[in-house]
Amino acid sequence: MNPPRPAPAADLTQAVQTSLFRFMQEFEALRPELYRYCRYLTHSPWDAEDLVQDALGRAFVTLGRMAAPPPNPRAWLFRVASNLWIDQKRRGRETGDGALESAVGHEPRDQREAAGTLIAKLAPRERVAVILKDVFDLGLDEIAEALGTTTGTVKTTLHRGRGKLADPEPAAPHDGIAVPAVLDAFCAAFNAQDLGRLTALLLDTASVEVVGTHTDYGPEDASRHAFFGMLYGAPRLADATGVEPRFVQGALATSPRCEVRIHRGEPVLLLWYAHVDGEAVRALNRVEIDDDRIVSLKNYFYTPEAIAELCQELGVPFRVNGYRHCLSPR
């Protein structure tokens with residue numbers, strides 16, 4: 001039997017956190033455009049935010065292996081996100097997953113869906129080229145950099161992709177969606193601030209992730225960290241120790257309440273926070289369940305673009321929290 005491997009030293013963990021915080025600061029100005037680009041690729045605000053997080057993680061690791069910083073950070077980030085997304089599509093085809101989804105932007109939803117249906121007909125690299133050129137107005141050399149190819153190949157890809165575009169089809173409605181009982185139980189426990197009851201809804205192997213911040217594995221970790229923060233973290237929001245001061249926006253130190261809403265055919269948990277001028281959603285939870293237990297939960301709090309888009313589609317008031325969290329250098 002092999003002896004257990006030692007855990008990383010605390011100073012190594014702190015060094016990585018410090019470097020990650022600086023990286024996030026340097027690239028923060030590009031986050032909105034990166035989200036918008038990923039949103040066009042994936043058609044889903046959830047998948048877009050996941051792709052943003054994956055791209056930033058890959059970019060952070062890649063930057064540590066580069067001899068010099070990228071001369072065009074925006075095109076470089078787009079390239080990282082493009083490669084990740086194309087790899088996902090390739091794996092999807094190999095495993096027999098469904099057809100490509102639509103792509104969307106900042107237009108009204110019906111227009112976005114129509115435009116997305118057009119772009120969905122394109123192969124992954126064609127879609128990337130068309131979006132970068134026609135939506136983000138990148139030059140051929142920048143698109144070539146983002147795709148890791150030549151300008152001549154970009155021209156060919158654009159010509160082929162544009163030739164495939166056809167009239168859109170209407171999106172199918174989602175009616176009569178039943179809310180699983182475990183989500184009602186989650187809301188009841190959350191609103192009662194019953195940490196034990198809330199944690200008991202998790203499978204022993206469940207994961208609870210605060211997107212972009214950290215992930216807990218198992219009920220015990222979730223109870224100490226993510227769930228505890230969701231239930232009792234409002235004072236840190238109100239006194240600006242959990243967000244940058246400019247994002248407090250009248251928040252009160254009152255525990256949020258949880259409510260189930262249906263978004264595009266999927267039950268979503270909205271977390272409503274009290275403010276001096278009324279309630280507003282500041283976080284959303286996306287949950288994967290197995291019968292009457294939670295397999296995984298993702299808490300979208302430090303994800304301003306995803307929060308804004310989802311709440312706008314749901315027609316609810318919202319406020320965002322920025323990107324910064326407690327993992328800053330001490």
Of all residues in segment 139-162, which are crowded, with 21+ Cβ neighbours inside 10 Å and either more than 20 Å from Arg74 (Cβ to Cβ) or of a type in the set (S, T, N, Q) (or both)?
Thr157, Gly161
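Table: residues versus (1) hydrophobic (A, V, I, L, M, F, W, C); (2) modelled with pLDDT of 95 or more.
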residue	(1), (2)
His225	no, no
Phe228	yes, yes
Ala240	yes, no
Gly250	no, yes
Cys258	yes, yes
Arg264	no, no
If you go through segment 321-328 one residue at a time, do you hit one that is surrounded by fewer than 18 Cβ atoms within 10 Å (Cβ to Cβ), of a type in the set (A, V, I, L, M, F, W, C) and not assigned by TED's automatic domain parsing to the domain that holds Arg22?
yes
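With the condition kept exactly as written, say whether any residue in segment 196-203 is more than 30 Å from Asn321 (Cα to Cα) and modelled with pLDDT of 80 or more.
Let us first name the residues in segment 196-203 that are more than 30 Å from Asn321 (Cα to Cα), namely none.
Taking every residue of segment 196-203 in turn, none turns out to be more than 30 Å from Asn321 (Cα to Cα) and modelled with pLDDT of 80 or more.
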Looking at Glu305, Glu309, Glu288, which is the one that is closer than 27 Å to Tyr217 by Cα, acidic (Asp, Glu) and surrounded by 19 or more Cβ atoms within 10 Å (Cβ to Cβ)?
Glu305
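Please tell me if Leu77 is on the phi < 0 side of the Ramachandran plot, in contact (Cβ under 8 Å) with a residue 40 or more places away in the chain and surrounded by 16 or more Cβ atoms within 10 Å (Cβ to Cβ). Please lay out each step first, then the result.
Numbers: on the phi < 0 side of the Ramachandran plot: yes; in contact (Cβ under 8 Å) with a residue 40 or more places away in the chain: yes; surrounded by 16 or more Cβ atoms within 10 Å (Cβ to Cβ): yes.
It is true that Leu77 is on the phi < 0 side of the Ramachandran plot, in contact (Cβ under 8 Å) with a residue 40 or more places away in the chain and surrounded by 16 or more Cβ atoms within 10 Å (Cβ to Cβ).
Scan the helices (runs of 4 or more DSSP H) fully inside segment 120-165 and keep the ones with 2 or more residues being at pLDDT 85 or above and over 15 Å from Ile86 (Cβ atoms). Show your work before the answer.
On the way: elements: 124-130, 140-147, 151-163.
Those helices (runs of 4 or more DSSP H) span 140-147, 151-163.
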For segment 187-204, how many residues are outside any loop (DSSP other than H, G, I, E, B) and either free of Cβ contacts under 8 Å to residues at least 40 places away in the same chain or more than 16 Å from Gly233 (Cβ to Cβ) (or both)?
11
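Right, Glu259: in a helix (DSSP H, G or I), surrounded by fewer than 21 Cβ atoms within 10 Å (Cβ to Cβ) and charged (D, E, K, R) or not? So that I can check it myself, show each step before the final result.
On the way: in a helix (DSSP H, G or I): no; surrounded by fewer than 21 Cβ atoms within 10 Å (Cβ to Cβ): yes; charged (D, E, K, R): yes.
So Glu259 does not fit the description; no.
Restrict the check to segment 235-255 and report whether at least one residue is assigned by TED's automatic domain parsing to the domain that holds Ala192, touching a Ser or Thr at 6+ places or on another chain (Cβ under 9 Å) and either free of Cβ contacts under 8 Å to residues at least 40 places away in the same chain or surrounded by fewer than 15 Cβ atoms within 10 Å (Cβ to Cβ) (or both). Before the answer, list the steps.
Within segment 235-255, the first condition is being assigned by TED's automatic domain parsing to the domain that holds Ala192, and the residues that meet it are 235-255.
From what is left, the residues that are touching a Ser or Thr at 6+ places or on another chain (Cβ under 9 Å) are 235, 238.
Pick out the ones that are also either free of Cβ contacts under 8 Å to residues at least 40 places away in the same chain or surrounded by fewer than 15 Cβ atoms within 10 Å (Cβ to Cβ) (or both) and you get 235, 238.
Checked segment 235-255: at least one residue is assigned by TED's automatic domain parsing to the domain that holds Ala192, touching a Ser or Thr at 6+ places or on another chain (Cβ under 9 Å) and either free of Cβ contacts under 8 Å to residues at least 40 places away in the same chain or surrounded by fewer than 15 Cβ atoms within 10 Å (Cβ to Cβ) (or both).
Give Leu20, Leu51 a once-over and let me know the one that is under 19 Å from Glu209 (Cβ atoms) and over 13 Å from the mean Cα position of the chain (by Cα). Steps first, answer last, please.
On the way: Leu51 fails: over 13 Å from the mean Cα position of the chain (by Cα).
None of the other options fit; the residue is Leu20.
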Restricting the first residue to segment 307-325 and requiring it to be closer than 19 Å to Pro256 by Cβ and touching a residue at least 24 places away in the same chain (Cβ under 8 Å), which pairs with a second residue that is among the hydroxyl-bearing types (Ser, Thr, Tyr) and assigned to a loop (DSSP other than H, G, I, E, B) meet a Cβ separation below 6 Å and a spacing of at least six or different chains?
Asn321/Tyr302; His325/Thr213; His325/Tyr302
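Any idea which of Val211, Val179 is at pLDDT below 95 and either under 21 Å from Arg282 (Cα atoms) or among the basic types (Lys, Arg) (or both)? Show your work before the answer.
Details: Val179 fails: either under 21 Å from Arg282 (Cα atoms) or among the basic types (Lys, Arg) (or both).
Only one candidate passes the filter, namely Val211.
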Taking Leu20 as the residue in question, decide whether it is assigned to a helix (DSSP H, G or I), at pLDDT 95 or above and either of a type outside the set (Gly, Ala, Ser) or not assigned by TED's automatic domain parsing to the domain that holds Arg74 (or both).
no
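The values are calculated or read from the model by the stated rules, or taken from the named source; none is laboratory data. In this text, all values refer to a predicted model and were calculated from it rather than measured experimentally. Cβ: placed from backbone, ideal geometry, glycine included. Neighbour counts: every protein chain shown.
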